[in-house]
1. Taking every pair of alpha-carbon atoms in segment 74-178, give the share separated by more than 25 Å as a whole percent.
2. When ranked by the protection proxy of mean other Cβ atoms within 10 Å per residue, highest first, what sequence do the peptides 221-230, 294-303, 326-335 form?
3. When a footprinting reagent is the concern and you count Cβ atoms within 10 Å, what order do 456, 416 take, fewest first?
4. Under a crude label model (7 Å from the Cα following the beta-carbon direction), how far is residue 454 from residue 276 in nanometres?
5. When the Kirkwood hydrodynamic radius is evaluated over all pairs of different C-alpha atoms of segment 337-407, what value in angstrom, to one decimal, is obtained?
6. Going by Cα centres, segment 284-304 and segment 152-213 are how many Å apart?
7. Of 116, 374, how do they rank once you tally other Cβ atoms within 10 Å and put the fewest first?
8. I'm a student and want to see the number: the projected area of the Cα convex hull of segment 350-465, averaged over all directions, in nm².
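Laboratory data are not the source of any read-out in this text; all were calculated from the coordinates shown. Model, not experiment: these values are computed from the prediction. Don't worry about glycine lacking a Cβ; one is built from the backbone with ideal geometry, like all the others, and counts go over all protein chains shown.
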């Protein structure tokens, strides 16, 4: 495992009430989370990081001969329902992303429902098994950044080629750990350049909100206003996107823009896509997916789990992540990985007794599987909900991600490379059959090596230590 993931695990007892020293705070923003784990390289993607509540450690950390208070039997046998509710809201909120992407990709209802199984159902099933087997909060999810990345490739790469490239990405993730390549990948591809690409990938979703604002000013403007007020008054207790989407649905209902859905069509038969392995698609998609899955997601999440007193079997997590990505991609391109924001939410100090937090992970995993099972109902929402509200939901879902990515682009020590990566990712550049995301990595790295080589060399050497 990379050196930055090797931490001394603190001695943590069963209860977390009488600590006489403050423990680290899990921040509500991606930026703060990144600063709290500087050695973890890239920050893990996770749905709607803004929904995370600020928590402080209430861990009982003391002499081994000092007894910890015993919780009641009923409390020990239950998950933390606040964390379960928060993750459920997050899962439902980000449905707008794949539903909108499915429309842009021209997927059939059956293909869309099958893709939701890959994003929700498969990771949920894997997480359920891992949580119960290891009795640790190992919550694997469909990688949100991968989902955003795939959505941005609509119209550029055919669906079958996206599936093929995603399968290859899973294979690469599977080989990284045994070959010792994770650390080398981190060293050669600095985080700021990747965040430049991500900022360029995410920005169009946010800009599109204002592009369509004139078409539905009351619906979009009202939803946006509710979001801003909720962000100011309700967070971190209530994720701002929840009241925003509820308000948007209410506005759409009053205006008569919301149509009914049929419960009879809630279940659709999954369909498998025959992958097409295109060199151009593999070069465009696979490197970015590998970075997002392994370096930006699994590695820092494992660091958090170890620091929280869990064994966090990194080899098993990486292996399952790679195999899950390969198998899940047969249903639709997906990245199966841990997520630092989700991990912090269900494994942090406020998620119940330390040795029972796996129940929270198992419950959340079960909810993800239920969402996947009702994929047909979710597909109907894509046509029942006004397109303007879908666009708004996607824009609000990526605001926190965009905020953090832009902060990392401008924070240094690399500036020029990330800036070029950002601009290229926003463009429609295509050369030799390769799209802008591939050239964003190549161009950003090349510019940094030419203009700011000393800063790149410093980051490179620090990553290899």
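1. Cα-Cα pairs in segment 74-178 separated by more than 25 Å: 32 percent.
2. 294-303, 326-335, 221-230
3. Details: 456 23, 416 16.
In order of increasing Cβ crowding within 10 Å: 416, 456.
4. 4.9
5. Result for segment 337-407, one decimal place: 15.0 Å.
6. 9
7. On the way: 116 28, 374 17.
Neighbour counts put them in this order, fewest first: 374, 116.
8. 12.8
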